[in-house]
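Working notes, structure below.
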Amino acid sequence: MADTLANLLSETRQFPPPAELAANANVKAEAYEHAEADRLAFWAEQAKRLHWTQEWSEVLDWSNPPFAKWFVGGQLNVAYNCVDRHVEAGRGSKVAIYWEGEPGDTREITYADLQQLVNQAANALTALGVTAGDRVAIYLPMIPEAVVSMLACARLGATHSVVFGGFSVEALSGRIDDANAKVVITADGGYRRGKPSALKPTVDEAAERCASVEKVLVVRRTGEDVAWTEGRDVWWHETVEKADTAHTAQSFDAENPLFILYTSGTTAKPKGILHTSGGYLTQASWTYNAVFDLKPDTDIYWCTADIGWVTGHSYIVYGPLSNGATQVIYEGTPDTPHRGRFWEIVNKYKVTLLYTAPTAIRTFMKWGDDIPAKFDLSSLRLIGSVGEPINPEAWIWYREHIGGGRTPVVDTWWQTETGAIMISPLPGVTNAKPGSAMTPLPGISADVVDDEARSVPAGGGGFLVLRDPWPSMLRTIWGDDQRFIDTYWSRFGAGSGNGEDWIYFAGDGAKRDEDGNLWLLGRVDDVMLVSGHNISTTEVESALVSHPKVAEAAVVGATDPTTTQAVVAFVILRGDVKDGDELAQELRNHVAKTIGPIAKPRQIMVVQELPKTRSGKIMRRLLRDVAENRSLGDVTTLQDSSVMDLISEGMKTGK
Ligand code: WT7
């Protein structure tokens, strides 16, 4: 970490906002002062951007920390705020979604269309027995029905749990079970790399294991044959598309659960991050307006994330739609049918605001400058990055080759848990430095602290923490308040028995530079960051050990130029099993099947022993040294130091 740091901190280039953007920016420098003077008044002002049917009596109730209530007593309907109010304001004919299927089929959905679709889906879900408070699992490709399904749940006060379409049966059934979802919304399949990729068989297998599932609602997308369970399965086109297009939205409490989204932790069981309604929508909506500087009449926005991640929730669905944006949604992969597909889409729709991830940017860099150069990208006026630290080279490449050397780059730091952007430049205010997420947004108190929760001085490094509650913060881990406290609130502050203030531990390392800007350095715990996704070492280890040939496994994240970290696994085979050429492939496939292809180890090493402490804890730090070809760090706590010689030797010979 120290080496990376030295490089980062020597970065002196600065990019001030273009004059015209600065002059017309939605949010100016005064916002920092307003929020500084009165943080709660600042957020109350932002909440007024939404339509409330009942005003709140208190902005924040923090009387039972770390359990926050924002906009206490306020009532609203989230879907009404994202759809109906734009139609009622005369903007029904404005395009909400330009949808581009991977095979090249397209759909154009106006806000008036979206209103009808959401109403129909709400009526159909009601007929399937969904009422306020129920959980609905959504396992769909990137098709408009995914947006419609989420909004229909929101409209009914039901809680959605979107599960990424790339996840396996185990992952899906675990998530359905944990939330006790009553209905699953899926499709026959979606298009991925030029081919139909089935989803329904995974749902069929998951539903068999999950007693809570009463109905499965199926969108026909690819037209491939699907198995059918009478009485349980219903087609979208036979129910939703036949349903009444009128539906009266009810209001729900500001703290009504809006969604659960699962994120990997250090233990095998994913955490169901719970977000609620009023505070979440306030911050998703305001940050979208502030960070992307949306001009609803002229901007065309495109976020390339999947709806199965929090970026899709906050910056495809709730942020943009609550602001009445026009956006592009693309179903497929960036290299289908060719490596210029993204730039073709930017050009086709004249995209002005683009939001993507460093892993994608590094891939584009690898594919070559000549590919984006073939397309006219001059419509772009602002480009954003999210998901992991963006190194200065990638930032500069992004600005030069995609942003034409003109556009601000907004590097946005946040998490599934934070619900919305927390640290980011303001495009009309900040002199951005390549590689830094710069400063906390107005109303957010982020800090970098040492082991004792003391703020580090300029030039210092430590742990990123959040000192005050924020509107879109997670409210708990679904069904596990204790784990919520243990994971986020017990490292520092009151929850650790030190002082009166509750301090949120983000789990990221960070540095504060001489000018007070923040540089994010990745996870401090054992979670690996692979292509922008957090994958837990323990989860992959559990998957490996679930294979009949494996006795024990240890997994580490090794630095990888493309994916940030790559999964490297060390396994001990069961007694009578022989190592062979097929074995590694078999284990890699097993991990893909159990967790998802994203968790596939890049390398699998068969070893005789694992380095362990005397108390039996695996020393992943040493394995990481091996995986990254470094000389070993401190081995004094190692139970048997000859183990490491054997492992290092095996790594060199590829055995
Ligand atoms: C973790 C959260 C937020 C949506 C996507 C990921 C890393 C995220 C940045 C950034 C440096 C970043 C952090 C964070 N991260 N954005 N701009 N710079 N690191 O959501 O899966 O909950 O992961 O992603 O490590 O803690 P997530």
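Things to note:
- Pair list, Cβ under 7 Å, 6 or more apart: region 231-251 residue in a loop (DSSP other than H, G, I, E, B), other residue surrounded by fewer than 17 Cβ atoms within 10 Å (Cβ to Cβ): S251/T53; S251/Q54
- Single condition Y98 does not satisfy, out of (1) over 21 Å from W478 (Cα atoms); (2) touching an Asp or Glu at 6+ places or on another chain (Cβ under 9 Å); (3) open to solvent by less than 40 Å² (accessible area, probe 1.4 Å); (4) of a type outside the set (G, A, S): (3)
- For region 351-372, the tally of residues that are assigned to a strand (DSSP E or B) and either more than 23 Å from V291 (Cα to Cα) or among the hydroxyl-bearing types (S, T, Y) (or both) stands at 2.
- Of all residues in region 497-531 being within 11 Å of the ligand (Cβ to nearest atom) and at pLDDT below 80, the one that is nearest to N589 (Cα to Cα): V527
- Pick from region 268-319, criterion of a type in the set (S, T, N, Q), crowded, with 23+ Cβ neighbours inside 10 Å and assigned to a helix (DSSP H, G or I), ranking: farthest from the chain's Cα centre (by Cα): T282
- Exactly one residue out of T326, T333, T359 is touching a strand residue (DSSP E or B) at 6+ places or on another chain (Cβ under 7 Å), surrounded by fewer than 19 Cβ atoms within 10 Å (Cβ to Cβ) and of a type in the set (S, T, N, Q): that is T333.
- Strands (runs of 3 or more DSSP E) fully within region 108-219 counting 1 or more residues that are under 19 Å from G272 (Cβ atoms): 135-139, 159-162, 183-187
- Condition check for Q565: assigned to a strand (DSSP E or B) and open to solvent by 30 Å² or more (accessible area, probe 1.4 Å): yes
- E452 being outside any strand (DSSP E or B), open to solvent by 30 Å² or more (accessible area, probe 1.4 Å) and of a type in the set (D, E, K, R): yes
- Residues of region 348-362 that turn out to be within 16 Å of the ligand (Cβ to nearest atom) and either at pLDDT 95 or above or in contact with a Gly (Cβ under 7 Å, 6 or more places away or on another chain) (or both), as a count: 6
- Scope region 536-561; condition more than 15 Å from K593 (Cβ to Cβ), among the β-branched types (V, I, T) and open to solvent by 10 Å² or more (accessible area, probe 1.4 Å); matching residues: T538, T559
- Beta carbons closer than 8 Å, at least 6 apart along the sequence or on distinct chains, pair a first residue in region 390-418 that is without any contact (Cβ under 8 Å) to a residue 40 or more places away in the chain with a second that is aromatic (F, W, Y) and within 13 Å of the ligand (Cβ to nearest atom) for D411/W395.
- Annotation note: of I485, I444, the sole residue that is assigned to a loop (DSSP other than H, G, I, E, B) and of a type in the set (V, I, T) is I444.
- Scanning region 336-356 for residues that are open to solvent by 10 Å² or more (accessible area, probe 1.4 Å) and touching a Lys or Arg at 6+ places or on another chain (Cβ under 7 Å) yields T336, T352.
- Members of region 363-386 that are touching a Leu at 6+ places or on another chain (Cβ under 8 Å) and either open to solvent by 60 Å² or more (accessible area, probe 1.4 Å) or within 16 Å of the ligand (Cβ to nearest atom) (or both): R381, L382, I383, G384
- Residue count for region 428-444 satisfying the condition of being within 15 Å of the ligand (Cβ to nearest atom), under 19 Å from Y315 (Cα atoms) and open to solvent by less than 10 Å² (accessible area, probe 1.4 Å): 2.
- Positions within region 456-472 being of a type outside the set (V, I, T), under 27 Å from N391 (Cα atoms) and touching a residue at least 40 places away in the same chain (Cβ under 8 Å), in sequence order: P457, A458, G459, G460, G461, G462, F463, L464, L466
- Qualifying residue in region 221-232 (condition: under 25 Å from A154 (Cα atoms) and touching a Ser or Thr at 6+ places or on another chain (Cβ under 7 Å)): no
- Selection status of H160, buried (at least 22 other Cβ atoms within 10 Å of the Cβ) and in contact with a Cys (Cβ under 7 Å, 6 or more places away or on another chain): yes
The values are calculated or read from the model by the stated rules, or taken from the named source; none is laboratory data. Being a predicted model, the structure only gives us computed values, none of them experimental. With ideal geometry, Cβ positions are generated from the backbone for all residues, glycine too; neighbour counts draw on all protein chains shown. For accessibility, only protein heavy atoms count, side chains too; no ligands or nucleic acids. Shrake-Rupley method; radii C 1.70, N 1.55, O 1.52, S 1.80 Å.
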